[in-house]
Amino acid sequence: ALPIYALGAGYRHIDCASLYGNEAEVGEGLQECVGPEKQIKREEVFVTSKLWNTKHHPEDVEPALRKSLLDLKLDYLDLYLIHWPYAFQRGSADFPRNADGTLLYDFIDYKETWKAMEKLVESRLVRAIGISNFNSRQIDDIISVATVKPAVLQVECHPYLAQHELIAHCHAQGLVVTAYSPLGSPDRMWKQPNEPVLLEEPGIKNLAEKYSKSPAQILLRWQVQRGIVCVPKSVTPSRISQNLQVFDFSLTEDEMKQMGSLDKNFRYIVPMITVDGQSVPRDAGHPFYPFHDPY
């Protein structure tokens with residue numbers, strides 16, 4: 001029922017992924033609210049999904065998209081993204097593993113995957129294609145072979161990971177940037193006890209007080225004002241509504257700068273594993289791991 005609530009509240013961009021396991025539920029919501037005889041027309045809604053890491057081989061790309069379309073009960077997607085630049089071993093398991101629990105990787109080049117993504121645009125199954133969690137070098141690598149250029153880069157982005165350089169790079173190359181975890185992903189299961197809590201940041205709380213807004217609304221306003229698309233996640237109807245109320249005020253230039261200066265290159269969304277008692281990035285050994293580069 002949450003997708004129905006969100007559409008009723010005024011949301012028109014729905015960010016999905018096959019990995020999230022909720023595309024069938026979203027599809028039911030879309031079927032109820034969107035269509036020729038319904039209150040919302042299909043062309044008024046912008047639906048994104050993402051190709052998972054086990055589906056990077058060219059022959060797996062269209063079937064993966066068609067599964068998402070079937071679940072979402074749609075004829076086409078507005079945007080389809082490659083979820084991560086690196087691949088896992090093909091098959092039905094989302095996280096294929098060795099007997100010792102380590103992940104089974106695949107080393108197919110994302111440029112081969114991109115060529116299959118382009119065919120989806122040609123066959124009008126998707127309107128635009130893009131990438132998620134790629135660094136600037138990988139973006140340029142894709143552009144160097146692309147006949148259909150990536151339209152969007154979706155990455156983690158918030159004041160602790162402001163992504164100033166990456167955003168400038170994308171805008172110079174003509175890509176729109178979408179921010180995921182714009183609120184610092186406060187509800188994730190693998191939170192570390194000592195990590196900084198973005199919604200508790202004193203400067204953000206002060207601005208919230210000044211404007212009679214919530215800290216979440218200040219964070220979303222900051223992104224909107226710098227030209228970044230936001231996909232805040234919420235399962236609470238009141239917060240779903242509240243997250244949309246960010247168009248009736250603006251931050252000053254100084255306040256925008258002040259929020260941008262909170263940047264500490266801190267990522268909330270890095271898959272971690274424990275090795276010899278130490279927490280280390282799970283996928284850092286893959287040649288296409290994106291976060292070794294500065295941006």
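Observations, loosely collected:
- Element breakdown for the stretch 168-295 at a 1.4 angstrom probe: carbon and sulfur atoms account for 54% of the accessible area.
- Each Lys or Arg adds one and each Asp or Glu subtracts one; over the other residues with Cβ under 11 Å from the Cβ of residue 71, this totals 0.
- Counting every C-alpha pair in the stretch 167-207, the share spaced more than 14 angstrom apart comes to 63%.
- Solvent-accessible area per residue for the stretch 215-295 (1.4 angstrom probe, square angstrom): 55
- Element breakdown for the stretch 1-82 at a 1.4 angstrom probe: carbon and sulfur atoms account for 53% of the accessible area.
- The trypsin sites (Lys or Arg not before Pro) of the stretch 163-222 that DSSP puts in a loop, and whose beta carbon has at most 13 other beta carbons within 10 Å, are 188, 191.
- Answer label for semi-axes √(5λ) of the Cα gyration tensor in Å (calculated), chosen among (1) 29, 26, 19; (2) 26, 26, 19; (3) 53, 26, 18: (1)
- Taking Cβ atoms as reference points and 12 Å as the exclusive limit, the residues near residue 128 contribute a net charge of +1, counting Lys and Arg as +1 and Asp and Glu as -1.
- FRET efficiency, residue 59 to residue 22 (Cβ-Cβ, R0 25 Å, nearest 0.05): 0.45
- Dividing the summed helix terms, -39500 (n - 2.57) for each DSSP H run of n ≥ 4, by the number of residues in the chain produces a 222 nm estimate of -10000 deg cm²/dmol to the nearest 500.
- The mean of 1/r over all pairs of different alpha-carbon atoms in the stretch 212-257, once inverted, gives a Kirkwood hydrodynamic radius of 11.1 Å.
- Projecting the Cα atoms of 294, 159, 146 onto the dipole axis of the chain, where Lys and Arg carry +1 and Asp and Glu carry -1 at the beta carbon, places 159 farthest toward the positive end.
- Cα centroid of the stretch 81-131 to Cα centroid of the stretch 1-52, whole Å: 23
- Taken over the stretch 28-158, lysine pairs spaced eight or more positions apart, or on distinct chains, with alpha carbons under 18 Å apart number 17.
- Projecting the Cα atoms of 130, 117, 1 onto the charge dipole of the chain (Cβ charges, centred on the Cα centre) puts 1 farthest toward the positive pole.
- For the stretch 144-196, chymotrypsin sites (Phe, Trp or Tyr not before Pro) meeting the loop criterion (DSSP other than H, G, I, E, B) and having at most 15 other Cβ atoms within 10 Å: 190.
The values are calculated or read from the model by the stated rules, or taken from the named source; none is laboratory data. Being a predicted model, the structure only gives us computed values, none of them experimental. Neighbour counts are summed over all protein chains in view; Cβ atoms, including those assigned to glycine, are modelled from backbone coordinates with ideal geometry. All accessible areas refer to the heavy atoms of the entire protein, side chains included, with ligands and DNA or RNA removed. Shrake-Rupley method; radii C 1.70, N 1.55, O 1.52, S 1.80 Å.
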